[in-house]
Amino acid sequence: MKFKKEILLADGEAMLLHSLGAQDAQQALAVCRRTAGETLNLIRYEDEWVMTLEQEAAYLKKTEDDPKSLMLGAFIGDTLIGIGSFLPCAAVDRARHRAELGICILKAHWGRGIGTAIVQTLIDEVKKTAVEQLELEVVATNERAIRLYERFGFVEFARHPRKLKYRDGTYADMVLMMLDLRTKM
């Protein structure tokens, strides 16, 4: 899905949100790797982002061309600082009413309203599709993200104990949340 919109952050700085395409592959990989190294709230470590530039470019092109998906980039000037997406949960008829939301933002830009802008935009755009239920997983200790999702109406429906095991041997539970879009249309 293609998308483009400029918004003003609370501090007055302009941010451009637009769908990521093949031309954004290098920056997208860099942001994914960097954010994975800045927090334990993502599923991968920095060194586990092994997609090649060509693979990422092909993936972004495919997503941009898919009317059921949106891979959104948040740019300050020409610099990508965050990524958000909704993607179908599965490519089968019985799951076509569901999509999964994901987001990552460079730590230097946390607390500026970027997450709020990305999530609001994703919800607005997913409502234009046949998706009825938006789902996500969040590390149980990531209270800031959980509060963000709750502000938009996401509710916890389950917990997955010890879903993540860190390299130091500790575990993290994941909170599964959903937003019923049938009542939000």
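The values are calculated or read from the model by the stated rules, or taken from the named source; none is laboratory data. Since this is a predicted model, take the numbers as computed values, not measurements. A quick note on method: Cβ atoms are made from the backbone with ideal geometry, for glycine too, and the neighbour counts reach across all protein chains shown. Ligands, DNA and RNA are stripped out before the accessible areas are found, and what is left, the full protein with its side chains, is counted by its heavy atoms. Shrake-Rupley method; radii C 1.70, N 1.55, O 1.52, S 1.80 Å.
Key figures for this structure:
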{"read-out": "Highest-first arrangement of 151-159, 4-12, 82-90, where packing means the average Cβ count within 10 Å", "value": "82-90, 151-159, 4-12"}
{"read-out": "Subset of Lys68/Lys107; Lys61/Lys107; Lys2/Lys62; Lys4/Lys68; Lys2/Lys68; Lys2/Lys107 violating a 20 Å alpha-carbon distance limit", "value": "Lys68/Lys107; Lys61/Lys107; Lys2/Lys107"}
{"read-out": "DSSP beta bridges in the chain [antiparallel fraction, %, rounded to 5]", "value": "90"}
{"read-out": "Mean residue ellipticity (222 nm) of the chain, computed from DSSP H runs ≥ 4 via -39,500 (n - 2.57), nearest 500", "value": "-8500 deg cm²/dmol"}
{"read-out": "Extreme residue, positive dipole direction of region 123-185, given options Pro161, Ala130, Leu176 (C-beta unit charges)", "value": "Pro161"}
{"read-out": "Over 12 Å [Cα-Cα, region 84-130], rounded percent", "value": "65"}
{"read-out": "Cα shape, region 113-184, gyration tensor, a/c 1.5 rule", "value": "prolate"}
{"read-out": "Cβ crowding within 10 Å averaged over residues, with 160-168, 42-50, 142-150 ranked highest first", "value": "142-150, 42-50, 160-168"}
{"read-out": "Heavy-atom surface of the chain, accessible at 1.4 Å and reported per residue (Å²)", "value": "55"}
{"read-out": "For region 46-125: rounded, prolate or oblate by the Cα gyration tensor [a/c cutoff 1.5]", "value": "oblate"}
{"read-out": "Accessible carbon and sulfur surface of the chain relative to its total accessible area, %, 1.4 Å", "value": "51"}
{"read-out": "Farthest positive-ward along region 29-151 dipole, Cα basis, beta-carbon charges - from Gly102, Asn142, Val31", "value": "Asn142"}
{"read-out": "Cα-only radius of gyration and Dmax that characterise the chain, units Å", "value": "15.9, 44"}
{"read-out": "Inverse of mean 1/r across different Cα pairs in region 1-59, Kirkwood, Å", "value": "13.1"}
{"read-out": "Whole-Å distance, taken between Cα centres, linking region 107-139 and region 14-86", "value": "14"}
